[in-house]
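One structure below.
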Amino acid sequence: MDAKAAVSEAAMVRFVGRSLGQLWFFSIMCSWGTYLVLYTWFVEYRVCDADDDGCAVELTTYWTMIYAASQFIGSPILGRLTDSVGRRPVLLVGCAVNVVGFPVMAFASNKWSYLAAAGIMGFLDATSAIVKATTVDFVATHSTIAGSDRDHPSARLCYSLIGSRPNDTRGAVTVELAVLNAHSVIGMIVGICLGELLYWMIGLRLAVAAAGAWLAPIAFVLFAYFPETRHAHAPHKPFTMTRRLALMLVAYFFVNSAVYGLGNVLLYYGEDHVGFGSIDVTAVTIEAFLIAPLGSFLSLRHLVPRFGYSTTFAGLSLLGASIVSVAFVADRALLYVLLTLYFFSYSTIPLANGPISSAVSYAEQGSLQGAVYALLVAATLAASEVSLLMYQRDPRSPFILTAFISLLAALLFKLAGDEPPGHVAALDDNRAAALPPDARPLLAS
């Protein structure tokens with residue numbers, strides 16, 4: 001096989017893996033959207049006695065903590081496993097766990113089986129981290145296919161909104177992860193709408209079971225067609241924690257804390273102090289989900305080329321600090337304007353993952369994505385609990401804390417800075433080596 005054919009074949013294999021990964025991200029978030037919009041009612045009326053409010057509150061808290069703790073432990077382990085045995089087998093296990101897990105929860109006979117299902121699903125489902133690793137795997141050969149007519153319509157739409165794609169590896173990784181995040185957001189919105197619809201059509205148990213049922217054909221497609229995207233030829237290099245990467249990771253933790261911590265109480269504040277009704281809650285939720293990918297696309301198109309990554313991330317984080325003004329506003333229209341500014345800070349989460357990922361070689365991408373996902377889980381769980389406790393003491397205090405955390409994140413992103421001219425990222429350093437030997441001369445040229 002000549003060099004051109006080898007590159008083309010490697011590109012197509014990873015293109016299929018990346019595209020099926022986007023399909024799974026959409027599908028699994030659709031299932032979780034369906035479940036999350038129903039699970040408080042489901043716990044109260046199907047797992048607990050309908051008149052036992054204390055049991056329902058306690059059980060939903062335990063379920064969330066067990067699932068999050070299981071993911072925190074499982075994601076780094078399974079992510080690291082993909083670096084040695086490959087992405088495909090670990091991803092397929094996670095797919096099967098979700099297909100079975102939702103129906104098991106739907107028909108759980110008692111709260112102990114319900115909580116056990118949460119622990120097993122959380123530990124074995126590292127599909128989010130693995131799909132991100134397959135997306136980074138694709139970047140070694142992305143230039144021949146990404147954004148072409150071979151992409152499905154939703155991916156082509158995302159690429160058109162981003163505009164011209166960067167040629168450097170860091171930029172390519174950032175673009176691909178932003179597109180992947182957009183698919184998860186669309187899936188979550190569709191899932192929320194489906195959950196409400198299925199609840200009225202078939203009831204709580206069957207609606208929760210359906211969240212796993214429609215994953216079955218998607219899992220079958222992945223079983224039949226998902227290729228192994230891990231770069232078998234990528235050299236294993238010792239992972240080096242540089243000052244810049246450490247600052248980026250801490251800033252990433254703060255951004256996730258600011259976003260997901262406040263998200264736990266934001267709607268409570270709207271209902272208690274601004275008079276939000278069910279329509280307002282739905283509108284704010286959908287707005288938050290939509291602005292994050294749109295903000296990341298606009299940033300990649302207009303801000304990053306002009307100001308660089310670190311300044312863009314710092315600016316988006318500063319928008320998050322504007323949320324402190326919400327605590328002193330009682331007007332609904334003005335609140336929507338302020339929330340829109342705040343929601344643009346959500347864009348930092350998918351964007352920051354790109355420079356972080358490009359700092360680690362292909363051979364360690366599974367380990368990295370598993371660790372980064374665990375970092376996200378830790379930030380979400382800790383910040384959610386702290387925000388809720390603070391809200392119970394003083395409803396304004398979570399907004400002040402979020403603004404402070406956002407300012408810290410902006411400072412850290414600015415201190416991290418961008419790589420100096422001529423810097424070779426870890427992915428660039430072993431990009432050619434990640435391909436079969438006969439494919440390297442063409443890529444290097």
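The values are calculated or read from the model by the stated rules, or taken from the named source; none is laboratory data. Since the structure is predicted, the reported quantities are computational estimates derived from the model, not experimental observations. Positions of Cβ are generated from backbone atoms using ideal geometry, with glycine treated the same way; all protein chains shown enter the neighbour counts. The area values use the complete protein model at the heavy-atom level, side chains included, leaving out ligands, DNA and RNA. Shrake-Rupley method; radii C 1.70, N 1.55, O 1.52, S 1.80 Å.
Modelled label positions at Leu197 and Leu294, each set 7 Å beyond Cα in the direction of Cβ, lie 2.2 nm from each other.
Ranked by the mean number of other Cβ atoms within 10 Å of their residues, highest first, the peptides 201-208, 178-185 fall in the order 178-185, 201-208.
Neighbours of Met65 by Cβ distance under 13 Å: Lys/Arg scored +1, Asp/Glu scored -1, total -2. GNM on the chain, alpha-carbon springs under 10 angstrom: the most fluctuating residue among Ser310, Ser345, Ser397 is Ser397.
Projecting the Cα atoms of Phe297, Gly275, Tyr309 onto the dipole axis of the range 213-332, where Lys and Arg carry +1 and Asp and Glu carry -1 at the beta carbon, places Tyr309 farthest toward the positive end. If R0 is taken as 35 Å, the Cβ-Cβ distance between Val93 and His302 corresponds to a FRET efficiency of 0.30.
Please identify the DSSP H helices in the chain that span no less than 27 Å along the helix axis (Cα) and have a mean Kyte-Doolittle hydropathy of 1.0 or more.
Working: long enough: 3-42 (58 Å, 0.80); 53-85 (47 Å, 0.48); 87-106 (29 Å, 1.35); 169-202 (48 Å, 1.34); 243-263 (30 Å, 1.14); 278-298 (30 Å, 1.54); 365-393 (42 Å, 0.80); 397-416 (29 Å, 1.98).
Qualifying helices, which must be both long enough and hydrophobic enough, are 87-106, 169-202, 243-263, 278-298, 397-416.
Figure legend: label point modelled 7 angstrom from the Cα of His152 along Cα→Cβ; residues of the range 169-192 with amide N under 11 Å from it are 183-184, 187. At the residue level, Glu58 shows approximately 90 square angstrom of accessible surface with a 1.4 angstrom probe and all protein chains present. Put a dot 7 Å past the Cα of Tyr45, heading toward its Cβ, do the same for Thr64, and the two dots end up 2.1 nm apart. Using the Cβ-Cβ distance between Asp272 and Asn167 with R0 set to 45 Å, the FRET efficiency from 1/(1 + (r/R0)^6) comes to roughly 0.35.
With the simple model of a label 7 Å out from the Cα in the direction of the Cβ, Leu411 to Val337 spans 3.0 nm. Among Ala126, Ala116, Ala155, the largest mean-square fluctuation in a Gaussian network model of the chain (Cα springs under 10 Å) belongs to Ala116.
To the nearest 20 Debye, how big is the dipole of the chain about its Cα centre, given +1 on the beta carbon of each Lys and Arg and -1 on that of each Asp and Glu? Before the final figure, lay out each step's value.
On the way: 26 positive and 30 negative charges, 228 e Å.
Charge dipole, the chain, about its Cα centre: 1100 debye, nearest 20.
Could you compute the FRET efficiency for Met241 and Trp214, with r as their C-beta to C-beta distance and R0 at 45 Å, rounded to 0.05? Could the numbers behind the result be given before it?
On the way: r = 41 Å, r/R0 = 0.92.
The computed FRET efficiency comes out at 0.65.
Between Gly163, Gly17, Gly354, the residue with the greatest mean-square fluctuation in the GNM of the chain (Cα pairs under 10 Å linked by springs) is Gly163.
Express in nm, to one decimal, how much length is gained between Leu388 and Met12 on full extension, taking 0.36 nm for each residue of separation and deducting their alpha carbon distance. Don't skip to the end; give the middle numbers.
On the way: separation 376, 0.36 × 376 = 135.36 nm, distance 4.72 nm.
Length gained between Leu388 and Met12: 130.6 nm.
For the chain, with every protein chain kept in place, what is the accessible area per residue (1.4 Å probe, Å²)? I get 41 Å² per residue for the chain.
A dipole drawn for the chain from +1 and -1 charges on Cβ atoms has a positive end, and of Leu411, Tyr260, Ser31 the residue lying farthest that way is Leu411. Extents of the range 249-326, taken as max minus min of Cα coordinates on every principal axis and listed largest first, are 41, 24, 20 Å.
Net charge in the neighbourhood of Leu415 (other residues with Cβ under 10 Å of its Cβ; Lys, Arg +1, Asp, Glu -1) is +3. Taking a ≥ b ≥ c as the square roots of the eigenvalues of the Cα gyration tensor, the range 193-302 is oblate, since a/c reaches 1.5 or more and a/b is not larger than b/c.
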